[in-house]
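The values are calculated or read from the model by the stated rules, or taken from the named source; none is laboratory data. Source: prediction; values computed, not measured. Cβ: placed from backbone, ideal geometry, glycine included. Neighbour counts: every protein chain shown. To get the accessible areas, we keep the full protein, side chains included, count just its heavy atoms, and leave off ligands, DNA and RNA. Shrake-Rupley method; radii C 1.70, N 1.55, O 1.52, S 1.80 Å.
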Amino acid sequence: MRKLFLFALLSLSVTGLALALPPTDEGGPARLVASVSVDRYQFGWDEPLSVRWSLTNESDKPLYVLRWHTPLDGIEAPIFAVSRNGQPVMYTGKLIKRPAPGPEDFIKLEPGETVIATVDISAAYDMTVRGEYTVRYRSERLLIKESADGPEMQAFSSRTGEAQLYVEGRDESERPLQLDLSAMYVGGFTNCTNSQQSTLSSALNYAVTMASNGYNYLLTYGKTSARYKWWFDYRTDPSTTYFNTVKSHFAAIKDALANKPVTFDCSCTQNYYAYVYPSQPYKIYLCNAFWSAPMTGRDSKAGTLVHEISHFYAVASTDDWAYGATAAHNLAVRQPKKAIDNADNHEYFAEDSY
């Protein structure tokens, strides 16, 4: 895994991606400007592909930005959109289940202040094939507040800025696989004590029941049911597109939990629940918050396994748009397209179906 190169706090003007936010209570409209750039155009496929990202507060008052969806601690979510010769490039980095964010998870940007990070974009995206790559920061992932413990600022528009670079990689025909299958068909436990193994075996059994119950609920009660609407589509899409997507997700989730060789790794010491590399089914890394969670119920051990298994590209390919029950329900109310793609929504639906 390539490393995070640089993190700094500077006060300077940056152009690139303009995010026009709703007006603040006092003064002019809240405004953030993001930029993505590279120092040179051409790279070898085996060298770090350094991309410089910056975010500037051009408002007249402080703004608070959720740190998780920035690259300030490295790339820990698909926060960049990367394409090669116009085709999307696979994200190969971590997807993490975290607790709902608290005030300490937001960075404060004073008026005129800029945060900057330089990261190796190829550490989290498959950029080994020869071609021209375009890198864009996904501004739609930003979560912004006017105070660290205040409500989320909802709608904002964006103007996209991109960086382009050329990689002297290998030919597409030389790549036999689109997924890293090294973790498949292994199963069992890595770096887990006997007690942890016993706990995980129980959690997996409960997770199978949760996912199966969730799938059967969808088949029985359909898209107008209260539980489906609460977690996925509160206003109910008149078509069946969203519902069919969720149903197909749960069919794949219950099958993966019941029939695939899930591998558990207990070596993580971070304060989140768990994480996976979505291109490496079916290995799940369990972290500190997992062990103190209840076996069933909200944000449970079993629910965490539903959450994580849903991330794999070979299963449901879910993302992490929002964390926590309140934020997940708000997606169902305001942005159901994101709710049906959000792992926490699948987890909470399954937990409520147990």
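Within segment 29-49, which residues are assigned to a loop (DSSP other than H, G, I, E, B) and among the aliphatic types (A, V, I, L, M)? Within segment 29-49, VAL38, LEU49 meet the criteria. Taking (1) of a type in the set (Phe, Trp, Tyr); (2) more than 14 Å from GLY303 (Cβ to Cβ); (3) open to solvent by 40 Å² or more (accessible area, probe 1.4 Å) in turn, TYR228 satisfies each apart from (3). Scanning segment 211-244 for residues that are among the aliphatic types (A, V, I, L, M) and touching a residue at least 24 places away in the same chain (Cβ under 8 Å) returns ALA211, LEU218, LEU219. Looking only at residues of segment 76-104 that are outside any strand (DSSP E or B) and open to solvent by less than 30 Å² (accessible area, probe 1.4 Å), we find that the one that is nearest to SER35 (Cα to Cα) is ILE79. Within segment 280-289, the presence of at least one residue that is buried (at least 18 other Cβ atoms within 10 Å of the Cβ), in contact (Cβ under 8 Å) with a residue 40 or more places away in the chain and basic (Lys, Arg) is confirmed. Going by the structure shown, is TYR166 assigned to a strand (DSSP E or B), open to solvent by 10 Å² or more (accessible area, probe 1.4 Å) and closer than 16 Å to GLY44 by Cα? Yes, satisfied. Exactly one residue among ASP126, ASP149, ASP180 is farther than 22 Å from TYR313 by Cα, open to solvent by 20 Å² or more (accessible area, probe 1.4 Å), of a type outside the set (S, T, N, Q) and modelled with pLDDT under 95, and that residue is ASP149. The single condition among (1) within 12 Å of HIS346 (Cα to Cα); (2) among the small types (Gly, Ala, Ser); (3) touching a Ser or Thr at 6+ places or on another chain (Cβ under 7 Å) that SER317 does not meet is (3).
A single entry from ALA343, ALA302, ALA328, ALA316 fulfils the requirement of being at pLDDT 95 or above, of a type in the set (A, V, I, L, M, F, W, C), open to solvent by less than 40 Å² (accessible area, probe 1.4 Å) and closer than 18 Å to THR241 by Cβ: ALA316.
Suppose we filter SER202, SER195 for residues that are free of Cβ contacts under 8 Å to residues at least 24 places away in the same chain and open to solvent by 40 Å² or more (accessible area, probe 1.4 Å); which single one remains?
SER195
Identify all residues within segment 51-63 that are out of contact with any helix residue (DSSP H, G or I) (no Cβ under 8 Å at 6 or more places or on another chain) and of a type outside the set (D, E, K, R); write none if there are none. Residues satisfying the conditions are TRP53, SER54, LEU55, THR56, ASN57, SER59, PRO62, LEU63. The set of residues from segment 231-246 being open to solvent by 30 Å² or more (accessible area, probe 1.4 Å) and touching a Lys or Arg at 6+ places or on another chain (Cβ under 7 Å) comprises THR236, THR240.
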